[in-house]
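See structure below.
The values are calculated or read from the model by the stated rules, or taken from the named source; none is laboratory data. None of the values given here were measured: they were computed from a predicted structure. Cβ coordinates were reconstructed from backbone atoms using ideal geometry, including for glycine residues, and neighbour counts include every protein chain displayed. Just the protein is used for accessible areas: all its heavy atoms, side chains included, with ligands, DNA and RNA removed. Shrake-Rupley method; radii C 1.70, N 1.55, O 1.52, S 1.80 Å.
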Amino acid sequence: MSMLDDAADLNDDLVRLRHELHREPEIGLQLPRTQERVLAALDGLPLEITTGKRLSSVTGVLRGGRPGPTVLLRGDMDALPVAERTGVAYASTVEGVMHACGHDLHTTMLVGAARLLAARRAELAGDVVFMFQPGEEGLRGAEHMIDEGVLEASGERPVAAYGLHVASSLLPNGWFAARSGPMMAAADQLAVTVRGAGGHGAQPHLAKDPVPVACEMVLALQTFVTRNFDVFDPVVLTVGSFHAGTKENVIADTAEFGVTLRSFSEASHARIRDGVVGVVRGIAAAHGLAVETEFLMSYPVTVNDAAETGFAEATIGSLFGADRFVSLPNPLTSSEDFSLVLNQVPGALVFLGACPPDRDVSTAPFNHAAEAAFDDSVLTDGAALLASLAQGRLAGDSTVW
């Protein structure tokens, strides 16, 4: 039987697992219920299983029947602090937590790939590492797993790494998309606190008002971006939160705002981090106020290797037909901590459209929305693709190697 036929036979089990994960989502690095379900789903397979020390990760190693290199497949497992409004029968039962980014599908597809490859163990010319990762949503879970040895789990570093990411809109259901080079943006979250001295709103000259200084910073940051970065190597800076004061006639002691930074090259990523700190410090100093800055999260650019992306495209064409693959003209402005794996191992992150058929793909809520919904029908396709990428890469089924 073909990989797609075998994946179809797993459909009911995969849908059941995905619904179980969706009903009980967990956020962060500690996902005990999710880890338990993954371990149960892998039970009985010929895998060498290890779990994380600092996080609820699961790493499985499948030893092929013949010698060869190692390939890594990754699925992230964590949810988001979002109150679900999809109305699906298997909606989250955890208040204020939802699988709004489709990681429940990623986890399920990786379980499916493990089952498909375990059944083909004797044919594999090398080993496969299955990376079930918590903490993708801003907590650098991939970095924790790398520190704990996921890239050496088989005894040697992988020659390639692959991951899938579902999309609740933009892509038609069942279509795949990727590009070589920058695939997703680098992302930084910066917290800025301006410290002044409070006082009465009628006598601002006797206080050190942080609000106009913080406002000046917000405006200056926009000018800093437009006048320091090439429009063909873009940077996006957004101040998404601003908080100060309690009453209109009271000058506050502090003003705080939060910034998200997006960039598409490592050069711009480094410059924007240093530059914004310099801007806010300079403005604070000019007004005689203090300022504190803290980067809360930083992910590098997700860069797809050209050869591995070409191999993924060829594999998709072989499995599903060339018309199911779209080459993206531009990178996406969202970010991914799979970038931390791809910084060390050549590989590719591929998007998979999972918009339910009763929704318009051009207007459906996108990932992270409370209404974001993902269709179960893509589970077997995702599992089959991940398994085929590992099997084909180990077999050297491409002229690029």
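Quick notes on this one:
- The residues listed here are Glu48, Glu36; of these, the one that is in contact with a strand residue (DSSP E or B) (Cβ under 9 Å, 6 or more places away or on another chain), closer than 24 Å to Asp13 by Cβ and either among the charged types (D, E, K, R) or at pLDDT below 95 (or both) is Glu48.
- Pick from segment 25-53, criterion part of a helix (DSSP H, G or I), in contact with a helix residue (DSSP H, G or I) (Cβ under 7 Å, 6 or more places away or on another chain) and among the hydrophobic types (A, V, I, L, M, F, W, C), ranking: nearest to Thr93 (Cα to Cα): Val38
- For segment 348-401, filtered to residues that are of a type in the set (S, T, N, Q) and surrounded by fewer than 19 Cβ atoms within 10 Å (Cβ to Cβ), the residue that is farthest from the chain's Cα centre (by Cα) is Thr399.
- Inside segment 238-279, residues that are closer than 14 Å to Met217 by Cα, open to solvent by 50 Å² or more (accessible area, probe 1.4 Å) and not acidic (Asp, Glu) make up a count of 4.
- Among residues of segment 140-196, those that are of a type in the set (S, T, N, Q), over 27 Å from Val58 (Cα atoms) and more than 18 Å from the chain's Cα centre (by Cα), counted: 2
- Checked against (1) of a type in the set (Phe, Trp, Tyr); (2) part of a strand (DSSP E or B); (3) open to solvent by less than 50 Å² (accessible area, probe 1.4 Å), Phe295 passes all but condition (3).
- Of all the numbered requirements in (1) part of a loop (DSSP other than H, G, I, E, B); (2) within 20 Å of the chain's Cα centre (by Cα), His22 misses one, and that requirement is (1).
- Failed criterion for Val259 (all others in (1) within 35 Å of the chain's Cα centre (by Cα); (2) without any contact (Cβ under 8 Å) to a residue 24 or more places away in the chain hold): (2)
- Pairs, first touching a residue at least 40 places away in the same chain (Cβ under 8 Å) in segment 115-126, second of a type in the set (Lys, Arg), C-beta under 7 Å, six or more apart: Leu124/Arg66; Ala125/Arg66
- Every condition in (1) touching a helix residue (DSSP H, G or I) at 6+ places or on another chain (Cβ under 7 Å); (2) at pLDDT below 95; (3) of a type in the set (Phe, Trp, Tyr) holds for Phe325 except the one numbered (2).
- Inside segment 311-362, residues that are small (Gly, Ala, Ser), assigned to a helix (DSSP H, G or I) and over 30 Å from Glu148 (Cβ atoms) make up a count of 4.
- Per the listing Leu42, Leu62, the residue uniquely touching a residue at least 40 places away in the same chain (Cβ under 8 Å), open to solvent by less than 40 Å² (accessible area, probe 1.4 Å), of a type in the set (A, V, I, L, M, F, W, C) and touching a Lys or Arg at 6+ places or on another chain (Cβ under 8 Å) is Leu62.
- Among the residues here, Ala267 does not qualify as over 30 Å from Arg227 (Cβ atoms) and either in a helix (DSSP H, G or I) or of a type in the set (Phe, Trp, Tyr) (or both).
- Selection status of Ala114, among the small types (Gly, Ala, Ser) and surrounded by 20 or more Cβ atoms within 10 Å (Cβ to Cβ): yes
- Residue match in segment 126-141 (condition: open to solvent by less than 10 Å² (accessible area, probe 1.4 Å), in a strand (DSSP E or B) and either at pLDDT below 95 or of a type in the set (Gly, Ala, Ser) (or both)): yes
- Filtered by the rule that a residue be over 15 Å from Ala384 (Cβ atoms) and open to solvent by less than 20 Å² (accessible area, probe 1.4 Å), segment 298-327 gives Tyr299, Pro300, Val301, Thr302, Asn304, Glu308, Thr309, Phe311.
- Any hit, segment 218-226, residues being under 16 Å from Leu190 (Cβ atoms), open to solvent by less than 20 Å² (accessible area, probe 1.4 Å), free of Cβ contacts under 8 Å to residues at least 60 places away in the same chain and not in a helix (DSSP H, G or I): no
- Selection of first residues in segment 73-87 that are more than 10 Å from Gly135 (Cα to Cα) and at pLDDT below 95 and of second residues that are among the basic types (Lys, Arg) and open to solvent by 30 Å² or more (accessible area, probe 1.4 Å), restricted to Cβ pairs under 7 Å at least 6 apart or on distinct chains, gives an empty result.
- Val97 meets all of the listed conditions (1) open to solvent by 50 Å² or more (accessible area, probe 1.4 Å); (2) touching a Pro at 6+ places or on another chain (Cβ under 7 Å); (3) of a type in the set (Val, Ile, Thr) but one, namely (1).
- Candidates Val194, Val218, filtered to the one that is modelled with pLDDT of 95 or more and touching a helix residue (DSSP H, G or I) at 6+ places or on another chain (Cβ under 8 Å): Val194
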